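The values are calculated or read from the model by the stated rules, or taken from the named source; none is laboratory data. Computed from a predicted structure; not experimentally measured. Here the Cβ is made from the backbone with ideal geometry for all residues, glycine too, and neighbour counts use every protein chain on show.
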Protein chains: 2
Amino acid sequence: MSTLTELTNHQFRLAARPKGMPQHTDWEYRAEPVGEPGEGQFLVEVSHLSLDPAMRGWMNEGKSYIRPVRIGEVMRAGAIGKVIASRHQDFAVGEHVSGMFGVQEYALSDGRGVQRVDTGSAPPESYLGALGMTGMTAYFGLFDIGRPEPGQTVVVSGAAGAVGSVVGQLAKLKDCRVIGIAGGAEKCRLLVDELGFDAAIDYKSDDVKQELRTHAPDGVDVYFDNVGGDILDTVLSRLALGARVVLCGAISQYNNTDEVKGPANYLSLLVNRASMTGMVVFDYADRYGEAAAELAGWLAEGRLHAREHVVEGGIDAFPETLLDLFSGANVGKLVLKIRD
Amino acid sequence: MSTLTELTNHQFRLAARPKGMPQHTDWEYRAEPVGEPGEGQFLVEVSHLSLDPAMRGWMNEGKSYIRPVRIGEVMRAGAIGKVIASRHQDFAVGEHVSGMFGVQEYALSDGRGVQRVDTGSAPPESYLGALGMTGMTAYFGLFDIGRPEPGQTVVVSGAAGAVGSVVGQLAKLKDCRVIGIAGGAEKCRLLVDELGFDAAIDYKSDDVKQELRTHAPDGVDVYFDNVGGDILDTVLSRLALGARVVLCGAISQYNNTDEVKGPANYLSLLVNRASMTGMVVFDYADRYGEAAAELAGWLAEGRLHAREHVVEGGIDAFPETLLDLFSGANVGKLVLKIRD
């Protein structure tokens, strides 16, 4: 290991609030000396960055479930890394940790929100995926808000994405009929052939409403929405009595420069005595342990397949890799690996 | 009493499915002889008709929470009347009853869905209002779906209407801060001065968003929506964390000839971990007794004021009086009295 003072910390700071899709000019790429940990701090050498649709929201001004990233601030991101210097009593040099370390190569931490991870039992990227916030989001969104019963029909959009691919598998573990909506034949094939979904609808080439009639003839009991827009509207038109719609995200709307399109079929909630409920994973922090243990068990038994899409690019690749989320390039959890 | 064969039954049957606001040509006015009750039937002389926004929905084709009224069928309506002939063991001549007797002067019934009413303890129109479906809708929608806690802020739209005026008063009984949204200064005055609302917003002349900032500075915990459209969208932008939106109706949309406008601010549900849930009063049929007893108690104690807007017009006045619902002419429950 080099001495800390010889290390350079490359990082991306937010330079401007994007209009629509983030541009290169929205970022400031900076090289800084690495800071020495103060008393109660430790230094993390970041190896993997979590790339999430939610990051686009954090770049916007205005009230949300978490404060916006400030202009000039290191972009917020979940990450995995290794402790390389420590003056913190709970974290020792050599330990692997997960936390909101940001889009940078090194991060100082006081340990708040940081979890130790066991890279012996699962690869680091899994702790950003099925064993990380992604898995937590799927677990609590589906089980606490969606509340599927065996035999019910669960539909998930963004089904080949990080959260969606876990949601569908969890619903299968609960003996539901599971239909995924994804973009492209290859993703749809994967959902059915590799992840055990009962059916998949390719929104780019299929008539989603007609396919829902075919695959969910009795209506949709649980809809886990990651995309918003027209797909949300279409699924609303096919709800079963007492259906639960879980609002987890709205990736189709995040880069909109027009007004968000509201779901014109929302009165289907009334007709069907259905509910639509928003969820933010951070609210379940005191139950992460419960979910992580159960998810790790299913992974170990081979009943849950963690899909990660790891881009080996170095930190320079961050701006382009983030855009992959919105072009639908990734299958499963998108992770940027910035060091071995 | 005349013999039955001498009686003529005037009635309105649905002649066409309206486009937008119902027209005279959507109705067939017919005079028929009155039928003799068969075994297990009784004949009701109808005195009061319930006029409800939901009736507009029943005139449309397509799947809803109840089957559409068929072309040629007597228009569905709740009503109060008196039994004038009976071959039914549970209903005797002279008893006052409430049921879905339709827009006609006389109705044959087999007793299904029919309740006896005590016109000695409350006037007949109350059994269409606060002690009828209106009161049940307010009671279960607010308490079961809205679940307000003391001190929370409850907003209700269509606040001077049949359901809204009861919802606001029930929320006050639960020690909530209650804000009504209604059209016109006179309605707003009545909400505050006579029904005890804490504040009222006149959507015709006020800036609803700004008024919500003023009167609900900490956000809206429960929103009981009777109107949909722009008002729903505006209230969504002011939700508190964990808010509950009760979808009871969408009167602003019922006569639309354009596509329904979806709530563009629906992602506020996500940010605020809020829910939006549809309710249909018929689902609570097995608990009507519980609600009716409680509502009757509050009425008797003077803690709940039943507002009815009784039009004394005879059955001929039905088509015009129905339109009063959509022009906002009524305050409280709109009832058409067709006989003393």
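Only one of these is over 17 Å from B:Leu239 (Cα atoms) and not acidic (Asp, Glu): B:Gly184, B:Gly180, B:Gly151. Name it. If you could, list the steps in order and put the result at the bottom.
Details: B:Gly180 fails: over 17 Å from B:Leu239 (Cα atoms); B:Gly151 fails: over 17 Å from B:Leu239 (Cα atoms).
That would be B:Gly184, the only listed residue that is over 17 Å from B:Leu239 (Cα atoms) and not acidic (Asp, Glu).
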Which numbered condition B:Asp233 fails, given (1) of a type in the set (Asp, Glu); (2) more than 10 Å from chain A (Cβ to nearest Cβ); (3) assigned to a helix (DSSP H, G or I): (2)
Which listed residue, of B:Gly99, B:Gly151, is without any contact (Cβ under 8 Å) to a residue 60 or more places away in the chain and either aromatic (Phe, Trp, Tyr) or farther than 25 Å from B:Ala317 by Cα (or both): B:Gly151
Restricting to the range A:163-187, name every residue that is assigned to a helix (DSSP H, G or I), of a type in the set (Lys, Arg) and out of contact with any strand residue (DSSP E or B) (no Cβ under 6 Å at 6 or more places or on another chain). A:Lys187
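Just to check your reading of the model, which residue among B:Ala292, B:Ala317, B:Ala329 is in contact (Cβ under 8 Å) with a residue 40 or more places away in the chain and either under 25 Å from B:Gln253 (Cα atoms) or not charged (D, E, K, R) (or both)? Break it down stepwise before answering.
Working: B:Ala317 fails: in contact (Cβ under 8 Å) with a residue 40 or more places away in the chain; B:Ala329 fails: in contact (Cβ under 8 Å) with a residue 40 or more places away in the chain.
From the options B:Ala292, B:Ala317, B:Ala329, the qualifying one is B:Ala292.
Please specify each residue of the range A:246-259 satisfying the condition of being in a loop (DSSP other than H, G, I, E, B), more than 7 Å from every other protein chain (Cβ to nearest Cβ) and of a type outside the set (Asp, Glu).
A:Cys248, A:Gly249, A:Tyr254, A:Asn255, A:Asn256, A:Thr257
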Is one or more of the residues making up the range A:113-124 out of contact with any helix residue (DSSP H, G or I) (no Cβ under 8 Å at 6 or more places or on another chain), basic (Lys, Arg), part of a loop (DSSP other than H, G, I, E, B) and over 26 Å from A:Glu194 (Cβ atoms)? no
Inspect the range A:109-132 for any residue being crowded, with 24+ Cβ neighbours inside 10 Å and more than 30 Å from A:His10 (Cβ to Cβ) and give the result as yes or no. no
Test: A:Gly146 is in the same structural domain as A:His215 (by TED's automatic domain parsing), out of contact with any helix residue (DSSP H, G or I) (no Cβ under 7 Å at 6 or more places or on another chain), buried (at least 21 other Cβ atoms within 10 Å of the Cβ) and among the small types (Gly, Ala, Ser): yes
Quick one: which residue in B:Ile80, B:Ile84, B:Ile66 is more than 30 Å from B:Leu4 (Cα to Cα), outside the structural domain of B:Arg238 (by TED's automatic domain parsing), aliphatic (A, V, I, L, M) and not in a helix (DSSP H, G or I)? B:Ile66
Do the conditions hold for A:Gly219, that is, is it modelled with pLDDT under 95, in contact with a Ser or Thr (Cβ under 9 Å, 6 or more places away or on another chain) and within 14 Å of another protein chain (Cβ to nearest Cβ)? no
Taking the range A:129-162 and keeping residues among the charged types (D, E, K, R) and in a loop (DSSP other than H, G, I, E, B) leaves A:Arg147, A:Glu149
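Condition test on A:Arg238, is it closer than 12 Å to A:Val220 by Cα and either in contact (Cβ under 8 Å) with a residue 12 or more places away in the chain or within 9 Å of another protein chain (Cβ to nearest Cβ) (or both)? Before you say what the answer is, go through the steps one by one.
On the way: closer than 12 Å to A:Val220 by Cα: yes; either in contact (Cβ under 8 Å) with a residue 12 or more places away in the chain or within 9 Å of another protein chain (Cβ to nearest Cβ) (or both): yes.
It is true that A:Arg238 is closer than 12 Å to A:Val220 by Cα and either in contact (Cβ under 8 Å) with a residue 12 or more places away in the chain or within 9 Å of another protein chain (Cβ to nearest Cβ) (or both).
State which residue is farthest from the chain's Cα centre (by Cα) when the search covers only the range B:260-319 and only residues that are within 14 Å of chain A (Cβ to nearest Cβ), small (Gly, Ala, Ser) and not in a helix (DSSP H, G or I). Before you say what the answer is, go through the steps one by one.
To start, the set of residues in the range B:260-319 that are within 14 Å of chain A (Cβ to nearest Cβ) comprises B:260-285.
Add one more test, that the residue is small (Gly, Ala, Ser), and what stays is B:262, B:264, B:268, B:274-275, B:278, B:285.
Then drop every residue that is not not in a helix (DSSP H, G or I), which leaves B:262, B:274-275, B:278.
Working: B:Gly262: 23, B:Ala274: 26, B:Ser275: 23, B:Gly278: 15 Å.
The selected residue is B:Ala274.
Looking at A:Glu308, is it in contact with a Lys or Arg (Cβ under 8 Å, 6 or more places away or on another chain) and in contact (Cβ under 8 Å) with a residue 40 or more places away in the chain? Quick ask: steps written out before the conclusion?
Working: in contact with a Lys or Arg (Cβ under 8 Å, 6 or more places away or on another chain): yes; in contact (Cβ under 8 Å) with a residue 40 or more places away in the chain: yes.
Considered against the rule, which asks whether it is in contact with a Lys or Arg (Cβ under 8 Å, 6 or more places away or on another chain) and in contact (Cβ under 8 Å) with a residue 40 or more places away in the chain, A:Glu308 comes out as yes.
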Closer than 20 Å to B:Gln152 by Cα and at pLDDT below 95 - does that describe any residue in the range B:277-300? no
Consider only pairs whose beta carbons are under 6 Å apart and that are at least six residues apart or on different chains; among these, list those whose first residue lies in the range B:253-267 and is buried (at least 20 other Cβ atoms within 10 Å of the Cβ) and whose second residue is among the charged types (D, E, K, R). B:Tyr254/B:Arg56; B:Pro263/B:Asp233
